[in-house]
1. Residues Ile246, Ile307, Ile291: which one is under 17 Å from the mean Cα position of the chain (by Cα), in a helix (DSSP H, G or I) and of a type in the set (Val, Ile, Thr)?
2. Which residues, counting only those in region 173-222, are touching a Phe, Trp or Tyr at 6+ places or on another chain (Cβ under 7 Å), small (Gly, Ala, Ser) and within 27 Å of Thr127 (Cβ to Cβ)?
3. Limited to region 90-118, what total is found for residues that are crowded, with 24+ Cβ neighbours inside 10 Å and among the polar types (S, T, N, Q)?
4. Of everything in region 129-153 that's aliphatic (A, V, I, L, M), at pLDDT 80 or above and touching a Leu at 6+ places or on another chain (Cβ under 9 Å), which residue is surrounded by the fewest Cβ atoms within 10 Å (Cβ to Cβ)?
5. Of the residues that make up region 124-143, is at least one farther than 30 Å from Met64 by Cβ and under 15 Å from the mean Cα position of the chain (by Cα)?
6. Working carefully through the options Phe221, Phe164, Phe205, find the one that is closer than 28 Å to Ala51 by Cβ, of a type in the set (Phe, Trp, Tyr) and within 22 Å of the chain's Cα centre (by Cα).
7. Within region 225-253, count every residue that is acidic (Asp, Glu) and over 11 Å from Gly49 (Cα atoms).
Amino acid sequence: MAGLAGATGVMTQTLAPDRRILLLGIASAMGASCFFSINDSSIKFLSGGYALHQIVLIRSLIGMAVMLAIVLPSRGGLGAFRTRRFGMHMVRGGFVVTSNFCFFLGLAAMPMADAVALFFVAPLLITALSVPMLGETVGPRRWAAVGVGLIGVIVMLRPGAGLFDPAMLLPLFAAFCYAMLHMLTRRMGATESAMTLTLYVQMTFIAVCLLSGLVLGHGGFANEANASLAFLTRAWEWPALGDWPILALVGCASALGALLITHAYRSCEAALVAPFEYVSMPLAIFFGLAIFGEWPDPTAWVGIALICGAGLYTVWRETRANPAEPPLASVPGNLRSSALGGLDGGTED
């Protein structure tokens, strides 16, 4: 990924003392991961019959409708569209769209668990990029975690084993774009509200999908020899009646997931919420097996363990370094529905 936008973890509050609130926050994070996984598996299921930009356009229109239903009755109303940084919104939206497209194109051609695991390298890339782009300091322990995660990536890519699939590079590039998205979020967060960031991402999705439809939607460039290229270049067609419930599920799961993850980060400390987003990994394995008959092989299990272990360690170290702020690794569930997490600073550790 990389998905309705709107995770507002950048506004994390102090952990509430009420245990019921804590449990509700944890349940919200886990529920969001479930909805994001449903979104992923539904798009993968539809990838054999429709164009990616057609599916994402329908999802984005549903997401925009949900956002407008929230914005219009509010005190600010359409004021949420006001911005002085339109150009940066477009660049940021471009990273979100590219990340989503790359993740889903990879998902069409490879096992679901493998794609999700490779995308989980995003927290490690965010840590690494924070040094040259934000001037932050990363200590040896977190650099070691980055190294372990990259070893996990190499294990999953299996160079020299004759099993390398170029589609595996797509979730990795999606993770890179997600990290770049966070760099821009850090720079824009002081002047732009979460709702404004969200609305402009949805507008970018709709514009890009419409343009993609004009260029590719006629099917003249269709290439069915490769699952990812077929998903990108397939002609638009009116969805079959039986597929409309799945398309509606994609839009609703995306919107509900964003709302739940927003509630989780607003009601609890990110240190408590972020690890529960890793529920996406076992869910990806479950849906991959239940729907597509996929089961990771031993090599994939090793790579999954290294990448997820390194990511969880990065979350933990980031929390210890900056206990009052959300961790760098606000993770991929947010992205795959184009949720917009925040970044913190970073002290040497």
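The values are calculated or read from the model by the stated rules, or taken from the named source; none is laboratory data. In this text, all values refer to a predicted model and were calculated from it rather than measured experimentally. Virtual Cβ from ideal backbone geometry, glycine too; neighbours counted across all protein chains shown.
1. After applying the criteria, what remains is Ile307.
2. Ala174, Ala175 - these are the residues of region 173-222 that are touching a Phe, Trp or Tyr at 6+ places or on another chain (Cβ under 7 Å), small (Gly, Ala, Ser) and within 27 Å of Thr127 (Cβ to Cβ).
3. 2
4. Across region 129-153, the extreme among qualifying residues is Ile151.
5. The answer is yes, given that some residue of region 124-143 is farther than 30 Å from Met64 by Cβ and under 15 Å from the mean Cα position of the chain (by Cα).
6. Phe205
7. Step one: of region 225-253, the residues acidic (Asp, Glu) are 237, 243.
Going one step further and asking which of them are over 11 Å from Gly49 (Cα atoms), we end up with none.
The qualifying residues number 0.
For (1) modelled with pLDDT under 80; (2) surrounded by fewer than 21 Cβ atoms within 10 Å (Cβ to Cβ); (3) among the charged types (D, E, K, R); (4) out of contact with any strand residue (DSSP E or B) (no Cβ under 9 Å at 6 or more places or on another chain), each residue gets a yes or a no:
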| residue | (1), (2), (3), (4) |
| --- | --- |
| Ala230 | no, yes, no, yes |
| Glu237 | no, yes, yes, yes |
| Leu241 | no, yes, no, yes |
| Leu259 | yes, yes, no, yes |
| Ala264 | yes, no, no, yes |
| Ala270 | yes, no, no, yes |
| Val273 | yes, no, no, yes |
| Ala284 | no, no, no, yes |
